[in-house]
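Have a look at the structure below, then the notes.
Rule-based calculations on the coordinates, nothing more; no lab input. For clarity, every value in this text was computed on a predicted model and none was experimentally measured. Every residue, glycine as well, gets a Cβ built from its backbone with ideal geometry; the counts of neighbours run over all protein chains shown.
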């Protein structure tokens, strides 16, 4: 087997950017406006979402250099707390985290392209997952080249939409700068909307899952996580303002294809269709990044747990091909069986739970004196405390407002615990024999 090629901080940052700029930034505004209406309220959601993501990036940068191995939360929680908790986070990453995000982006791609292609939205979603899984089944060099090109195109496209949204004239908009924000920010709907926004910002921790594939991670991992998160946060805030500046409230509330709606308002039906197609193609980078990153968690688990042992085999270039296609299968299953909003809410609660435990792990690791010397988060422990306060608040309100979907997340954890018990049983049985 040839030595595995490693990537620099720019390619690692491209993975962060591509993971973050996904379907959420083009869809969640419509869901927010279905519950809230004040512009100050909406903007506060995106500012808070960006700050929370940046605080998380600082924390994951510290953990990634303190425990420099691929696997993300699976590896961090196993080292800081207990292997069982790490296993559960890996289970969630496999069954909910990356597979869910891939399914959401693929479904959105289908929604954008169904009017342009003689193929149903379902088949567009399924084919995108299959083809992009194939792209990442060969080598790091191919994955890196493909990812960098599509991420650059994505950034340029977002910048074009922001410029157009601010500088093209519009006869109406969705701005509401009244004092109704004073009521809205204390409503359960605000907490649910914040979870949607936090999901839209998800992906800021992407580079922490592939530490083994990053050259000089002590230097390059913090650059990738923090730099990528900061860039995307700025783009997200300005993009929402551009959307609100072009279309009235009634044209956005409750809608999913926000990007295409705004594009049609700015450029007409023909131009809007072209932009809608570009948005769909832009989602290629998002799906691609998650297909690259997600299977590394499964691969890390396969080294230790017998029930995942089949997925421990790589190809000659060190690519976990079996883990890639396992994730593809789960994503396809979600596309076929679930609705967009169900997937979004269900995944939001359980993923936020493990992100919360991981950021808290920065404090626990320092108190216990665990890990190597590496990057240290500034303003410790206040950045972590602020992140945890927002995160726990959102979890409580989400469980209150969406108990069914939240309970589904907890059921998923029970299934994970049972699989852990099965692995332990198999291991004991083999030791006895």
| remark: Semi-axes a, b, c in Å (a largest) for the stretch 44-182, each sqrt of 5 times a Cα gyration tensor eigenvalue, come to 33, 26, 17
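What whole-number value in cubic angstrom gives the convex hull volume per residue for the C-alpha atoms of the stretch 1-91?
Values: hull volume 15.1 nm³, N = 91.
Dividing the Cα hull volume of the stretch 1-91 by its residues yields 165 Å³.
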| said: Highest mean first, how do 13-25, 159-171 rank when packing is the count of other Cβ atoms within 10 Å averaged over residues? | reply: 13-25, 159-171
| message | I want to verify the translational diffusion coefficient of the stretch 101-147 in µm²/s; compute it with Stokes-Einstein, Rh as the Kirkwood radius over Cα pairs, at 37 °C and 0.692 mPa s. | response | 289 µm²/s
| field | Dimensionless Rg ratio for the stretch 234-361, taking C-alpha atoms and the 2.2 N^0.38 Å reference | value | 1.40
| task | Could you order peptides 192-199, 127-134 by the average number of other Cβ atoms within 10 Å of their residues, highest first? | result | 192-199, 127-134
| task | Any chance you could give the angle, 0 to 90 degrees and rounded to 10, that helix 9-20 forms with the longest Cα principal axis of the chain? | result | 60 degrees
| Label corresponding to Rg and Dmax of the Cα atoms in Å when calculated from the structure given, among [x] 22.5, 80; [y] 31.6, 104; [z] 20.9, 77 | [z]
| task | Quick one: pull the percentage of alpha-carbon pairs in the stretch 37-82 with a separation above 13 Å. | result | 63 percent
| query | How far is helix 188-200 tilted off the main Cα axis of the chain, in degrees rounded to 10, range 0 to 90? | reply | 70 degrees
| When the helix-only estimate is applied to the chain (DSSP H runs of n ≥ 4, each -39,500 (n - 2.57), divided by the residue count), what is the mean residue ellipticity at 222 nm, nearest 500 deg cm²/dmol? | -25000 deg cm²/dmol
| request: Report the FRET efficiency, 1/(1 + (r/R0)^6), for residue 167 and residue 407, where r is their Cβ-Cβ distance and R0 is 41 Å, rounded to 0.05. | output: 0.30
| query | So how far apart, in nm, are the two label points at residue 313 and residue 159 if each is 7 Å from Cα heading toward Cβ? | reply | 4.6 nm
| Order by protection proxy (mean Cβ within 10 Å, highest first), peptides 93-101, 110-118 | 93-101, 110-118
| message | For a quick check, take a GNM of the chain with Cα springs below 10 Å and name the residue from 355, 65, 180 with the largest mean-square fluctuation. | response | 180
| With no solvent and one point per C-alpha, what does the Debye sum give as log10 I(q)/I(0) for the stretch 208-281 at q = 0.15 Å⁻¹? | -0.66
| Principal-axis tilt of helix 403-432 within the chain, Cα atoms, nearest 10 degrees | 20 degrees
| task | Specify the residue with the greatest mean-square fluctuation among 368, 69, 255, computed from a Gaussian network of the chain linking alpha-carbon atoms under 10 Å apart. | result | 368
| Using Cα pairs under 8 angstrom and six or more residues apart, how large is the relative contact order of the stretch 9-432, in percent? | 34 percent
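Run through every distinct alpha carbon pair of the stretch 307-433 and return the Kirkwood hydrodynamic radius in angstroms, one decimal place.
On the way: mean 1/r = 0.0549 Å⁻¹.
The answer is 18.2 Å.
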| request: Report the extension gain between residue 69 and residue 234 in nm, rounded to one decimal, defined as 0.36 nm multiplied by the number of residues separating them, less their alpha carbon distance. | output: 56.4 nm
| For the stretch 108-248, what ratio Rg/Rh do Cα atoms give with a Kirkwood hydrodynamic radius? | 1.03
